[in-house]
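Undergrad: If you scroll down you'll find the structure; I have some questions about it.
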Amino acid sequence: MLDLRSPTPPAWLSAVFSDFSAFLVDHAACEKKAFSNGMSLVSRYPERQGLVTPLIAFAREELEHFALVHAILAARGLTLARDEPDLYAKELRSQVRPHGDDNLCDRLLVAGIIEARSCERLCLLADALPSHEPSLVETYQSLARAEARHHGLFLRLARQETGAASTEARAQQLLDFEAKLVAKLPLRAAVH
């Protein structure tokens, strides 16, 4: 598993519950982007069967999550928003090395770190929902479990495709970067 270096501060939940509708819209966008990222990796590395098959399953699950969150939006009279750049993801992706197996390793690890942070935050949210949005507790518990599987999947794929030792060393560097990034970003009603 990818062990995050820093916990999300409790004030994040205050930001989320101050505009829960905005959070839900952002969450739908995150699920859509995760689906797109999975399919982008499939398109970029079609010859790597050991990567393609699990990423198709990942993308399928993320598409189901997108549909689920979209249904929550629709039931509340909310609509999707146009995609906005996610500064968190953009900054993490700025660390991706440009060539060969280094590029693949970093793309997989960055995807895994994003899933790990999502997992951590959705767990926090699921624990807080009983007093705010009790009807969504089970949904968010399930989504958090899926994020846990996903970040483990990306780490396993990086090890498998680019080597365990180099993957572990690079994961430590990227996790250090992510901790510094989270510390400097403002808290908002969004997953990241």
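Derivation of every value follows stated rules applied to the coordinates shown; laboratory data play no part. Remember, it's a predicted structure, so these values are computed and weren't measured experimentally. Using ideal geometry, Cβ is built from the backbone for each residue, glycine included, and neighbour counts are taken over all protein chains shown.
Undergrad: Among all the lysines, which ones have a C-alpha under 19 Å from LYS32's C-alpha, if same-chain residues fewer than 8 places away are not counted?
TA: LYS90
Undergrad: Still on this model: Positive end of the charge dipole of the chain (Lys, Arg +1 and Asp, Glu -1 on Cβ, about the Cα centre): tell me which of ALA169, THR8, VAL182 has its Cα farthest that way.
TA: Looking along the dipole axis, the top candidate is ALA169.
Undergrad: Would you mind working out the magnitude of the charge dipole of the chain relative to its Cα centre, with +1 at each Lys and Arg C-beta and -1 at each Asp and Glu C-beta, to the nearest 20 Debye?
TA: Numbers: 22 positive and 25 negative charges, 55 e Å.
It works out to roughly 260 debye.
Undergrad: Taking a ≥ b ≥ c as the square roots of the Cα gyration tensor eigenvalues, with a/c under 1.5 meaning rounded and otherwise prolate when a/b beats b/c, else oblate, which class fits the stretch 21-106?
TA: Oblate is the answer for the stretch 21-106, as a/c is 1.5 or above yet b/c matches or exceeds a/b.
Undergrad: Would you mind counting up the charge near LEU122? Only other residues with Cβ under 12 Å from its Cβ, with Lys and Arg at +1 and Asp and Glu at -1. Intermediate results must be reported in sequence, preceding the final value.
TA: On the way: positive: ARG117, ARG121, ARG145; negative: GLU31, GLU115, GLU120, ASP127, GLU147.
It works out to a net charge of -2.
Undergrad: Select from ALA57, ALA158, PHE20 the residue farthest towards the positive end of the dipole of the stretch 11-184; place +1 on Cβ of Lys and Arg, -1 on Cβ of Asp and Glu, and compute about the Cα centre.
TA: Working it through, the farthest residue towards the positive pole turns out to be ALA158.
Undergrad: Follow-up. Can you give the FRET efficiency for ARG97 and GLN141, using 1/(1 + (r/R0)^6), R0 = 35 Å, r = Cβ-Cβ distance, to the nearest 0.05? Each step should come with its number before you reach the end.
TA: Numbers: r = 36 Å, r/R0 = 1.03.
In this case the efficiency is close to 0.45.
Undergrad: Something else about it: Kindly write out, for the stretch 176-192 in residue order, the coupling ³J(HN,Hα) from the Karplus curve 6.51 cos²θ - 1.76 cosθ + 1.60 (θ = phi - 60°), rounded to whole Hz, with x marking Gly and Pro.
TA: 4, 4, 4, 4, 5, 5, 4, 5, 9, 7, x, 7, 8, 7, 7, 5, 10
Undergrad: Taking the Cα atoms only, what angle lies between the long axis of helix 20-44 and the longest principal axis of the chain, rounded to 10 degrees?
TA: Once rounded, the angle reads 20 degrees.
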